[in-house]
Protein chains: 2
Amino acid sequence: MQQYFGVKKDGKKLILNSEDFNHIKNVMRMKENDKVIVNYDGISYICSLNKDLLSCEIDSVFKQSNDKGSIIAYVPLLQEEKMSLVLQKGTELGVDEFVVVYFEHCKFKLPKKDYEKKLLRWNKIVKEASEQSYRVNKVIVREIIGIDQIVLNTNVNILCSLVKNNVKHISDILNTKNCNDTISLVFGPEGGFTNKEEEKLISKGFIRTSLGPNVLRTETVIMFIMSIVMYLKGSANDE
Amino acid sequence: MQQYFGVKKDGKKLILNSEDFNHIKNVMRMKENDKVIVNYDGISYICSLNKDLLSCEIDSVFKQSNDKGSIIAYVPLLQEEKMSLVLQKGTELGVDEFVVVYFEHCKFKLPKKDYEKKLLRWNKIVKEASEQSYRVNKVIVREIIGIDQIVLNTNVNILCSLVKNNVKHISDILNTKNCNDTISLVFGPEGGFTNKEEEKLISKGFIRTSLGPNVLRTETVIMFIMSIVMYLKGSANDE
């Protein structure tokens with residue numbers, strides 16, 4: 001069944017957005033009373049479309065989010081192809097919020113005037129990935145910021161470093177005890193963080209971690225960490 | 001330092017292959033006595049190039065593989081872009097051997113006459129990914145086979161299924177106790193295995209597992225599982 005995100009709930013009625021209305025009408029060619037899944041505020045509903053195709057009536061609850069602890073990923077500004085991959089795979093694997101950060105070693109530059117257009121595009125990518133992977137919660141890509149603007153208010157804060165010595169292995173930081181906490185992850189660009197950047201991030205509360213012997217590309221690291229979080233949540237919830 | 005794979009060892013001399021010779025001579029423009037890392041039989045050596053640029057002398061051991069238990073991934077035949085992603089990321093994350101399998105739901109068809117050309121291309125992808133991620137062991141892509149030709153001789157055998165009911169969660173099968181065993185993983189195509197295929201694979205010794213609530217794409221599943229194996233190996237070796 002096709003899945004959308006609601007923008008407003010009014011009693012047993014859910015309102016869809018105009019872009020989805022277009023998809024429903026012109027791509028899916030759906031009609032009044034056709035069934036759709038609509039996510040709203042952490043709950044998935046099975047609904048019947050109204051005649052206007054822009055709203056629908058709730059028939060029943062399909063599933064409720066049992067996600068505990070949201071996950072914020074601070075990702076470096078990357079060239080478009082890698083960025084899409086990171087956003088798509090990160091969403092499939094459970095990131096709730098992406099914040100794009102300009103680091104010193106970011107090779108890809110983006111003029112300020114293009115920020116808004118890019119953010120729209122990136123949010124479209126995560127929206128589609130959310131729908132395809134049946135995520136109940138809406139995933140968002142937030143503004144492009146500098147390192148100084150990062151403000152942490154999560155419980156577990158992980159800095160994925162290229163440094164190999166005197167660094168805790170990821171399994172010493174992330175485990176079944178804290179995987180349902182709120183988690184922030186910061187990923188460096190190709191070439192890594194500068195020393196100054198690492199120091200700043202650590203002073204903000206990030207804990208430096210190593211990912212093991214293999215050297216992973218920027219876009220692989222995020223999939224690696226998110227897979228571990230998903231695995232640990234599975235283990236923790238079984239216990 | 002540039003990294004290559006040796007094809008033969010003769011005392012303290014390592015022989016390189018002709019393609020790498022080309023890279024050394026024409027791309028890197030290296031000269032006699034320039035240093036390279038050469039992997040041979042699970043050991044990384046720091047070497048000095050000989051004048052012929054096709055062989056080198058071992059100076060010292062750089063690192064020794066402490067990989068325990070090899071990992072075989074049976075992957076469905078996918079269209080080129082997804083195939084490259086699976087091979088590249090799988091290699092970064094620790095797969096030792098890929099076997100490409102034709103499943104009934106594989107949408108992408110490949111005429112037999114193109115097998116050899118494709119295998120060469122795929123092996124080039126994993127070779128480059130091995131070198132970039134500093135893998136000590138050589139990774140290979142084996143022939144394209146049908147499901148009946150799969151013969152298991154590994155300790156842990158995991159079938160990644162779309163079926164959600166009465167299936168063990170991945171964390172019930174894969175844990176710190178068995179992550180250093182030899183592992184076989186079989187991944188289905190988009191649309192999953194047919195019932196008959198699942199039955200056949202189970203009768204061969206695969207254990208069906210579920211990956212949790214999120215719906216992952218074919219190419220994401222392999223990254224997910226390999227990330228977990230890497231994480232568990234890290235935890236197990238710390239214990």
Q) Given A:Asp181, A:Asp238, which one is within 11 Å of chain B (Cβ to nearest Cβ) and either over 23 Å from A:Asp148 (Cβ atoms) or at pLDDT below 90 (or both)? A) A:Asp238
Q. So which residues in region A:118-136 are open to solvent by 40 Å² or more (accessible area, probe 1.4 Å) and within 16 Å of B:Gly212 (Cβ to Cβ), if there are any at all?
A. A:Gln132, A:Tyr134
**Q.** Residues that are among the aliphatic types (A, V, I, L, M) and within 14 Å of another protein chain (Cβ to nearest Cβ), drawn from region B:79-123
**A.** B:Leu85, B:Val86, B:Leu87, B:Leu93, B:Val95
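Residues are listed down the side, and each one gets a yes or a no for (1) open to solvent by less than 50 Å² (accessible area, probe 1.4 Å); (2) at pLDDT 90 or above; (3) over 30 Å from B:Val36 (Cα atoms):
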{"position": "B:Glu143", "(1), (2), (3)": "no, no, yes"}
{"position": "B:Asn157", "(1), (2), (3)": "yes, yes, yes"}
{"position": "B:Cys160", "(1), (2), (3)": "yes, no, yes"}
{"position": "B:Val167", "(1), (2), (3)": "yes, no, yes"}
{"position": "B:Phe187", "(1), (2), (3)": "yes, yes, yes"}
{"position": "B:Asn214", "(1), (2), (3)": "yes, no, yes"}
{"position": "B:Thr220", "(1), (2), (3)": "yes, no, yes"}
Q: Say whether the condition of being hydroxyl-bearing (Ser, Thr, Tyr), within 21 Å of the chain's Cα centre (by Cα), closer than 25 Å to B:Ser84 by Cα and within 11 Å of chain A (Cβ to nearest Cβ) is met by at least one residue in region B:153-163.
A: no
(Q) Going residue by residue through region A:197-209, is there one that turns out to be more than 22 Å from the chain's Cα centre (by Cα), more than 13 Å from chain B (Cβ to nearest Cβ) and in contact (Cβ under 8 Å) with a residue 60 or more places away in the chain? (A) yes
Q) Do we have any residue at all in region B:46-65 that's open to solvent by less than 10 Å² (accessible area, probe 1.4 Å) and touching a Lys or Arg at 6+ places or on another chain (Cβ under 6 Å)? A) yes
Q: Assess whether B:Lys9 counts as being in contact with a Phe, Trp or Tyr (Cβ under 9 Å, 6 or more places away or on another chain) and not hydrophobic (A, V, I, L, M, F, W, C).
A: yes
Q: With respect to B:Ile150, determine if the residue is within 14 Å of another protein chain (Cβ to nearest Cβ), surrounded by fewer than 21 Cβ atoms within 10 Å (Cβ to Cβ) and either farther than 14 Å from A:Ser227 by Cβ or within 17 Å of the chain's Cα centre (by Cα) (or both).
A: no
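The values are calculated or read from the model by the stated rules, or taken from the named source; none is laboratory data. Every value quoted in this text rests on a predicted model; they were computed, and no experiment measured them. Cβ sites come from the backbone with ideal geometry, for glycine too, and all protein chains shown count toward neighbours. Just the protein is used for accessible areas: all its heavy atoms, side chains included, with ligands, DNA and RNA removed. Shrake-Rupley method; radii C 1.70, N 1.55, O 1.52, S 1.80 Å.
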